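The structure appears right after this line, and notes come after that.
The values are calculated or read from the model by the stated rules, or taken from the named source; none is laboratory data. Note that the coordinates shown come from a computational prediction; the quantities given were computed from them, not determined experimentally. Ideal geometry is used to build each Cβ from the backbone, glycine not excepted, and the neighbour counts take in all protein chains shown. Just the protein is used for accessible areas: all its heavy atoms, side chains included, with ligands, DNA and RNA removed. Shrake-Rupley method; radii C 1.70, N 1.55, O 1.52, S 1.80 Å.
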Amino acid sequence: MTAKDSSWLDLYQTLLDAWGPQHWWPADSPFEVMVGAILTQNTAWSNVEKAIGRLRQAQALTVSAVLKARDAELEEWLRPAGYFRVKAKRLRAFCQFLEEQGVAEQPQLLGLDLETLSLRALLLGVHGVGEETADSILLYALGRSIMVVDAYTRRIGSRLGWVGASIGYKDLQGVIEASLPTKSGVPLRKEFHALLVSLGKEHCRPRNPRCHRCPVQAFCRYGQGVSDQGRVRAD
DNA sequence: ATCCGGACGC
DNA sequence: GCGTCTGGAT
């Protein structure tokens, strides 16, 4: 047990102390979380909200309604979320999957008899569901204890000097999971991922990071004048 | 490595 | 106008 083994947990605690709970995932039902997880792929959440609003307006926020809709209709509802043709296919494929699993009426019952990792593998078999989307569904819609990692997490970990910038999804997830408690960790993981997204948006941005009032500055070599390339910054 | 894409902040 | 947005498939 080195000091570094608990650094991700320290990061979580520091962010939570600074900002408090982020109240993720905003949705009225587990199915709405699943829909949001697919629609938010590489897309700003504000645009996803519009698309979900259109689905709700059309009373199409159910598995059966999505499956009954025509392609052009579904695409029009999803348009504000971008990639609307791609996402219409993915949402339809996901709803077909829920129907095949016999949970079209109660999507929150998906995989009740399965271990988390088995259910994860099942989700990854659905067209349009990759690792981050699968884990978002597992954690936020189905209440499974699994850490969601993303581009923000990778950038933050890299700038903190804890992982390589090109670390793969599973490796990054493994490193973080190793430092988190396994017991009653669902609320922690929900908050941690949400806090990392906030940090990535507000301070640890891709370009022009705002290190000035960053709550994690004390941990960070970047904030101490070192750039992504390991050189001292000019500013 | 490229494509998908509208909405938003700057 | 440009870069970016709670990625995944080809």
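The one condition from (1) within 12 Å of DNA strand C (Cβ to nearest atom); (2) open to solvent by less than 30 Å² (accessible area, probe 1.4 Å); (3) within 25 Å of residue A:196 (Cα to Cα) that residue A:35 does not meet is (1). Within the stretch A:59-81, is even one residue aromatic (Phe, Trp, Tyr), assigned by TED's automatic domain parsing to the domain that holds residue A:126 and farther than 26 Å from residue A:157 by Cα? Within the stretch A:59-81, one or more residues are aromatic (Phe, Trp, Tyr), assigned by TED's automatic domain parsing to the domain that holds residue A:126 and farther than 26 Å from residue A:157 by Cα. Pairs meeting the criteria (first residue in the stretch A:75-104 and within 20 Å of residue A:54 (Cα to Cα) and of a type in the set (Asp, Glu), second residue within 13 Å of DNA strand C (Cβ to nearest atom) and open to solvent by 70 Å² or more (accessible area, probe 1.4 Å), beta carbons under 7 Å, at least 6 apart or on different chains) are A:75/A:85.
Quick grid of which residues meet (1) part of a helix (DSSP H, G or I); (2) of a type in the set (Ser, Thr, Tyr); (3) more than 15 Å from DNA strand B (Cβ to nearest atom):
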{"position": "A:8", "(1), (2), (3)": "yes, no, yes"}
{"position": "A:11", "(1), (2), (3)": "yes, no, yes"}
{"position": "A:16", "(1), (2), (3)": "yes, no, yes"}
{"position": "A:36", "(1), (2), (3)": "yes, no, no"}
{"position": "A:51", "(1), (2), (3)": "yes, no, no"}
{"position": "A:59", "(1), (2), (3)": "no, no, yes"}
{"position": "A:64", "(1), (2), (3)": "yes, yes, yes"}
{"position": "A:77", "(1), (2), (3)": "yes, no, no"}
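Scanning the stretch A:138-158 for any residue that is away from DNA strand C (no atom under 13 Å from the Cβ) and more than 15 Å from residue A:189 (Cα to Cα) turns up at least one such residue.
Looking across the stretch A:79-104 at every residue that is part of a loop (DSSP other than H, G, I, E, B) and touching a Ser or Thr at 6+ places or on another chain (Cβ under 8 Å), the one that is farthest from DNA strand B (Cβ to nearest atom) is identified as A:104.
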